[in-house]
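The values are calculated or read from the model by the stated rules, or taken from the named source; none is laboratory data. Since we're looking at a predicted model, the values are computed, not measured. Heads up, the Cβs are rebuilt from the backbone with ideal geometry, glycines too, and the neighbour counts pull from every protein chain shown. Surface accessibility is based on the protein's heavy atoms, side chains included, excluding ligands, DNA and RNA. Shrake-Rupley method; radii C 1.70, N 1.55, O 1.52, S 1.80 Å.
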Amino acid sequence: MGTTAMSPAEFEQALRAKGACYHIHHPFHRAMHEGRASREQIRGWVANRYYYQRNIPTKDAAILANCPDRTVRRQWLRRILEQDGAQEGEGGIEAWLRLAEAVGLERGQVLSEELVLPGVRFAVDAYVDFARRASWQEAAGSSLTELFAPQIHQSRLDGWPRHYPWIEPGGYDYFRRRLGEARRDAGHGLRIVLEHCRSRESQERMLEILQFKLDVLWSLLDALSMAYELGRPPYHTVTAERVWHRGIAP
Ligand SMILES: O=C(O)c1cc(C(=O)O)c2c(n1)C(=O)C(=O)c1cc(C(=O)O)[nH]c1-2
C-alpha cells in the first residue's frame, strides 16, 4: 500500500472490494441460501438476528448524538424511524417480529432474547459500542456493509420461498423493504465517507473499520454455526439448559 491518498473512485473501489468478506459467504448463510438449513436453524438465525435488528436504532442514535451537522442528522434520523416505525405496529423491527412468527417462533420468546447466544450479543454490543466512541463519520462508515446488503436480501427473496415452503410468505416483507432502504442508506454513508477520508491514513483506517463490521457479522454466524450446526451451544459439555446470561446492560 502506498502513502499517497487514493482518488475517491479508487477508494470507493477498495471499500466495495471488501464485499468479498461479506457474511453472504459464511457457510451458515450459504446453507440457508441453498435450502440446506433445518427449521430449527432458520428459527435460531431469526431469533438471534433480532438482537442485531433491535440494536440498530440504538447504534444510529449514538451516531446522531455525536454529529453536529443538522443536515446529516436530519437524514440519519430516518434510519431510526424506519426501524422503530412512526407508531406502534410499524417499522422494520416490527416486520422482523412478523418474520419471526412466519418461521414459527413465538413473538414473546424472541422478545425475551432467551435464544440470543452470548457470541451474538458480544458481536452486536461491540458494534453499538464502537458507534458510541468513534467520530460520527467513522461510525457512519461502519454501516457500509449495507453496500452489500441488497444482494443478500434479494437472494433470500429469490431462494427461500422455493426452499422453505413452510415459511409464511408475509414474513418476507422485511427483506423486501430493506432492498430500497439499504441502497439509499449505503449511498448516504458512502458520500460521508468519501468526503471525510481524504488522506491515505484515514482511508486505510476506514477500510479497517469496514473490516471490523464485517467481523461483527461473520462472528454472529460463527456463534450460530457452533450452536445450530455443530451441536455445540455454550456449556453443552455440562448442561443442555440455556444458562447463558440474557443481557446485563444497565
Ligand atoms: O440481513 C442482512 O444480512 C443485513 C445485513 C446488514 C449489514 O450489512 O450490516 C444490515 C441488515 N441486514 C439490516 O437489515 C439493517 O437494517 C442494517 C442496518 C445496518 C447498519 O449497519 O446500520 N446494517 C444492516
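Annotations
- Of the set (1) within 17 Å of PHE148 (Cβ to Cβ); (2) without any contact (Cβ under 8 Å) to a residue 60 or more places away in the chain; (3) crowded, with 19+ Cβ neighbours inside 10 Å, all apply to ARG54 but (1).
- Members of segment 115-135 found to be within 13 Å of the ligand (Cβ to nearest atom) and of a type in the set (Phe, Trp, Tyr), listed by number: TYR127, PHE130
- Positions within segment 43-61 being more than 12 Å from the ligand (Cβ to nearest atom) and among the charged types (D, E, K, R), in sequence order: ARG43
- You will find that of TRP45, TRP76, the residue that is farther than 30 Å from VAL243 by Cα, part of a helix (DSSP H, G or I), in contact with a Leu (Cβ under 7 Å, 6 or more places away or on another chain) and touching a residue at least 12 places away in the same chain (Cβ under 8 Å) is TRP76 and no other.
- The residues on offer are ARG73, ARG98, ARG43, ARG36, and the sole one that is charged (D, E, K, R) and within 27 Å of PHE212 (Cβ to Cβ) is ARG73.
- Subset of segment 129-149 (residues that are open to solvent by 10 Å² or more (accessible area, probe 1.4 Å) and either more than 16 Å from ASN55 (Cβ to Cβ) or part of a helix (DSSP H, G or I) (or both)): ASP129, PHE130, ARG132, ARG133, SER135, TRP136, GLN137, GLU138, GLU146, LEU147, PHE148
- Matching entry among SER143, SER38, SER112 (being of a type outside the set (Val, Ile, Thr) and within 16 Å of the ligand (Cβ to nearest atom)): SER143
- Residues of segment 146-171 satisfying the condition of being within 12 Å of the ligand (Cβ to nearest atom) and either within 26 Å of THR71 (Cβ to Cβ) or touching a helix residue (DSSP H, G or I) at 6+ places or on another chain (Cβ under 6 Å) (or both): GLU146, LEU147, PHE148, ALA149, PRO150, ILE152, HIS153, SER155, ARG156, LEU157
- Within segment 156-206, the set of residues being part of a helix (DSSP H, G or I), polar (S, T, N, Q) and open to solvent by 20 Å² or more (accessible area, probe 1.4 Å) comprises SER202 only.
- Applying a threshold of 7 Å to beta carbon distances and a minimum spacing of six or more residues, or different chains, the list of pairs starting in segment 147-176 at a residue that is closer than 22 Å to GLY91 by Cα and ending at one that is open to solvent by less than 60 Å² (accessible area, probe 1.4 Å) and basic (Lys, Arg) reads ALA149/ARG178; HIS153/ARG178; PHE175/ARG156.
- Within the option set ARG246, ARG198, ARG232, being at pLDDT below 95, charged (D, E, K, R) and more than 14 Å from the chain's Cα centre (by Cα) holds for one residue only, ARG246.
- Test result for LEU64, open to solvent by 10 Å² or more (accessible area, probe 1.4 Å), within 15 Å of the ligand (Cβ to nearest atom), on the phi < 0 side of the Ramachandran plot and part of a helix (DSSP H, G or I): yes
- Number of residues in segment 2-30 that are part of a helix (DSSP H, G or I), open to solvent by less than 60 Å² (accessible area, probe 1.4 Å) and not β-branched (Val, Ile, Thr) equals 9.
- Test: VAL116 is surrounded by 21 or more Cβ atoms within 10 Å (Cβ to Cβ) and assigned to a helix (DSSP H, G or I): no
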